[in-house]
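Everything on this sheet refers to the single structure shown next.
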Amino acid sequence: MNIVVLVKQVPDTWSERKLTDADHTLDRESADAVLDEINERAVEEALQLQEAHGGEVTVIAMGPDRATDAIRKALSMGADKAIHVSDEALHGSDVLATAKVLAKAIGTVENVDLVIAGNEATDGRAGAVPAILAELLGLPQVTQLRKVTVEGTTIKGERETDEGVAFLEASLPAVVSVTEKINEPRYPSFKGIMAAKKKPVSTVTVADLGIDASEVGLSGAYTQVLEAAPKPPRSAGQRVEDGGDGGAKIAEFLVGQKLI
């Protein structure tokens, strides 16, 4: 089966993340960039399905030039090839434009049986791209999965919620998104790292995909951040000295905060 995995390079979650002063978009140069951890799990799931059913795994990423580092990480894990959508016009694209671009990129891959994505990226955390993508592609969506199996032309998945576990299935081709409980991603071997350097990576622009630049980026976004301010530092808090009436003082404080 032919599988497409969507990956994204994001600021390291251990780094300080901030917005730019110019247009209030994410300042990607201010922090170390890594392949999003949830995407590593998506790649791992694709590789496990490939090992069980054969076929090819194609990685698709949308991002600036340095996103090639994230792409090479996915290739070193075992993916076969990659498509990198890189264009200055994409800067500031919202989830709708992102999904539209990714849908066009997926359309360049022949005979796609399955599209796998993480449930949400750690930078934007919109969690909407897989569902929008499925709508644009006209494919069934099976999202937020902790387990995936393929039986013939049917994909089955388990979605864990606060109320229990839902068992879902759909006919292939389909779009799925996975959560952090799906698997533990493999570490790239030295052989895999060396092999990744020779695997094909196609770089395309929005024009190559037949998309007008005005439809993407900040100018094409349906929402825009007009103002932003850094998070204020935490205050020292209020200290309660217990002279036998500590409980009453705490209760008084909670009443003042309208918590009780």
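The values are calculated or read from the model by the stated rules, or taken from the named source; none is laboratory data. In this text, all values refer to a predicted model and were calculated from it rather than measured experimentally. Every residue, glycine among them, receives a Cβ derived from its backbone with ideal geometry; neighbour counts consider all protein chains shown. These accessible areas exclude ligands, DNA and RNA; they are computed on the full protein's heavy atoms, side chains included. Shrake-Rupley method; radii C 1.70, N 1.55, O 1.52, S 1.80 Å.
A few comments on the model shown:
- Check on K104, surrounded by 15 or more Cβ atoms within 10 Å (Cβ to Cβ), of a type outside the set (S, T, Y) and within 19 Å of V43 (Cα to Cα): no
- Within the range 227-246, residues that are under 30 Å from H24 (Cα atoms) have Cβ atoms under 8 Å from residues that are assigned to a loop (DSSP other than H, G, I, E, B) and of a type outside the set (S, T, Y) in these pairs: E227/H24; A228/H24; P230/K18, counting only partners at least 6 apart in sequence or on another chain.
- Single residue of S235, S214 found to be among the polar types (S, T, N, Q), at pLDDT 85 or above and at negative phi: S214
- All conditions in (1) farther than 19 Å from V216 by Cβ; (2) assigned to a strand (DSSP E or B) hold for L47, with the sole exception of (2).
- Of the residues L96, L139, the single one that is out of contact with any strand residue (DSSP E or B) (no Cβ under 9 Å at 6 or more places or on another chain) and more than 27 Å from P230 (Cβ to Cβ) is L96.
- Looking across the range 65-95, the residues that are crowded, with 21+ Cβ neighbours inside 10 Å and either among the β-branched types (V, I, T) or free of Cβ contacts under 8 Å to residues at least 12 places away in the same chain (or both) come down to I71, I83, V85.
- Out of V10, V34, sole residue that is assigned to a strand (DSSP E or B) and open to solvent by 40 Å² or more (accessible area, probe 1.4 Å): V34
- Complete set of residues in the range 128-166 that are in a loop (DSSP other than H, G, I, E, B) and in contact (Cβ under 8 Å) with a residue 24 or more places away in the chain: A128, L139, P140, R146
- Evaluation of A99 against (1) in a helix (DSSP H, G or I); (2) over 21 Å from E40 (Cα atoms) (one fails), failing number: (2)
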